[in-house]
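What follows is one structure encoded as structure tokens, with my remarks underneath.
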Amino acid sequence: MAIMEILKYPDQRLRVVAKEIDKINNDIKKISMSMIETMYHAKGIGLAATQVGIPIRLFVIDIEQLDENPNPIVFINPKIILSEGREKHDEGCLSIPGYTAPVERASKVIVKFLDLEGNSQELIAEGLLARAIQHENDHLDGKLFIDRLSPIRKELIIKKLKKEMEKSL
Ligand code: NI
């Protein structure tokens, strides 16, 4: 296991639409373990394979990561089969560090996915977990949370990011 490099905006690999996983082999298990380690290391609550430059439909989430009992969930080939309600809440992303903005999402989702054993799972999620699932699922489609902001707010964040990148050159 190793800490992986998390791609940062505007890396174009973040825009790739990820492919379905057809076989859960040892590589997939190793990638999942490294992603969980990387997520904890970065103090995030979710990480999509797209963010570490591997365009496969897999993400990991642990909304309790700050607790003493880690409880990571690996989602393979996730599909959100039901979305209900709307709510707006501040959101951030490990690929856009230092920025948060209120994003409107469904308040409740049902997600179908495979676990690492290849078993089909169905999870009903609300609140932060529902938000994290939608955020990570967006990553698999090459979407970032800033894409869901109003054009003005998105432009503002991009301008600030560009300024910062120029400074660090
Ligand atoms: Ni993210």
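Which whole-number percent is the relative contact order of the chain (Cα, under 8 Å, 6+ apart)?
Working: 297 pairs, mean separation 37.2, N = 169.
Relative CO of the chain lands at 22 percent.
Taking the Cβ of each residue in SER83, SER95, SER34 as the centre, tally the other Cβ atoms inside 10 Å and list the residues starting with the fewest.
Neighbour counts put them in this order, fewest first: SER83, SER34, SER95.
Please compute the contact order of region 23-89 in relative form: average sequence separation of alpha-carbon pairs under 8 Å and at least six residues apart, divided by the residue count, as a percent.
Details: 64 pairs, mean separation 15.1, N = 67.
Dividing the mean separation by the residue count of region 23-89 yields 23 percent.
Which residues make up the longest stretch of the chain clear of GluC sites (Glu not before Pro) that lie in a DSSP loop with no more than 15 other Cβ atoms within 10 Å, not counting the sites?
Value returned for the longest uninterrupted segment is 118-169.
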Long-range amide H contacts for VAL103: which residues qualify at under 5 Å (H placed 1.01 Å from N, peptide plane, sequence gap of 5 or more or a different chain)? HIS89, ASP90, GLU91
Rounded to the nearest 10 degrees, the helix 127-140 long axis (Cα) sits at an angle to the longest Cα principal axis of the chain of 80
In Å, the Kirkwood estimate of hydrodynamic radius for region 12-168 over Cα pairs equals 16.1
In the chain, which longest range has no trypsin sites (Lys or Arg not before Pro) that are both DSSP loop (not H, G, I, E or B) and surrounded by at most 12 other Cβ atoms within 10 Å? 87-169
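In deg cm²/dmol and to the nearest 500, what is the mean residue ellipticity at 222 nm of the chain if only DSSP H runs of at least 4 residues count, each as -39500 (n - 2.57), divided by the residue total? Please list the in-between numbers first.
On the way: 3 runs with 47 residues, N = 169.
Using -39500 (n - 2.57) per qualifying helix, the result is -9000 deg cm²/dmol.
Values quoted throughout were computed directly from the atomic coordinates according to the rules given, and no laboratory measurement underlies them. Fair warning: this is a prediction, and the values are worked out from it, not measured in the lab. A quick note on method: Cβ atoms are made from the backbone with ideal geometry, for glycine too, and the neighbour counts reach across all protein chains shown.
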